[in-house]
Amino acid sequence: MGPILALWYPYLDRVCNRYKLARMGGPWVAPIAKVAADEFLMAPPTLVLFFGCMTACEGGAFEEDSVHKVRTQFFPSWYTSLAVWSVVLLETFRFLPVPVQTPFINACCIVWEGFLSHRNALAKQQQQQQQHLATTTTVDPNVVDEYAVMTSTPVGTAGSRPTSPPKGQNRDCDVGS
């Protein structure tokens, strides 16, 4: 991300300077506009790229595994990004000069990448559980019939339990003794 951000942040600064956002609306307008641009234009493609690259590194199938991860983890990750990175970026864009912004954000990205790796591992685990359930829930009718025969016990034999107590008896307590 470093080379991309090294071009992206100065570009955002030039755009804000071109439209004179800081002069028009005060010192916080330009940083807020930069945060909005970063979170809505840069974050979504980078999240998709992250989950796609992680799937490729894990040896997964692109269409099946990557699409599953993006479907299950994109929005939770992006919502977390909006909550966390908006604050970090707002402070960065407001108080740090443009040449220092990229190294600072890259240092913060180390923690963020750890979080995304955790999300990626959760997605992989969920997918494996779903695949396991899909393979175990397919029922062979012959197996079901054999299981029913093996587990059925005629009423009145050892191990059987009547469904209701005989008349005059209470199953919970022995009143007649």
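Numbers at a glance
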quantity	calculated
Residue ID - surrounded by the most Cβ atoms within 10 Å (Cβ to Cβ), chosen from residues in segment 1-11 that are without any contact (Cβ under 8 Å) to a residue 60 or more places away in the chain and under 19 Å from Ala107 (Cβ atoms)	Trp8
Segment 22-42 residues that are within 15 Å of Gln101 (Cβ to Cβ), paired with ones that are modelled with pLDDT of 90 or more and not hydrophobic (A, V, I, L, M, F, W, C) (beta carbon under 6 Å, 6 or more apart)	Pro31/Arg94; Val35/Ser86
Residue in segment 18-28 that is surrounded by the fewest Cβ atoms within 10 Å (Cβ to Cβ), counting only those that are touching a helix residue (DSSP H, G or I) at 6+ places or on another chain (Cβ under 8 Å) and more than 28 Å from Val111 (Cβ to Cβ)	Ala22
Residues located in segment 47-72, provided they are surrounded by 15 or more Cβ atoms within 10 Å (Cβ to Cβ) and of a type in the set (Gly, Ala, Ser)	Gly52, Gly60, Ser66
Breaking point among (1) assigned to a helix (DSSP H, G or I); (2) within 27 Å of Gln127 (Cβ to Cβ); (3) not β-branched (Val, Ile, Thr), for Pro103	(2)
Residue match in segment 144-151 (condition: loosely packed, with under 10 Cβ neighbours inside 10 Å, part of a loop (DSSP other than H, G, I, E, B) and modelled with pLDDT under 85)	no
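The values are calculated or read from the model by the stated rules, or taken from the named source; none is laboratory data. All values reported here derive from a predicted model rather than from experimental measurement. We place every Cβ from the backbone using ideal geometry, glycine too, and count neighbours over all the protein chains shown.
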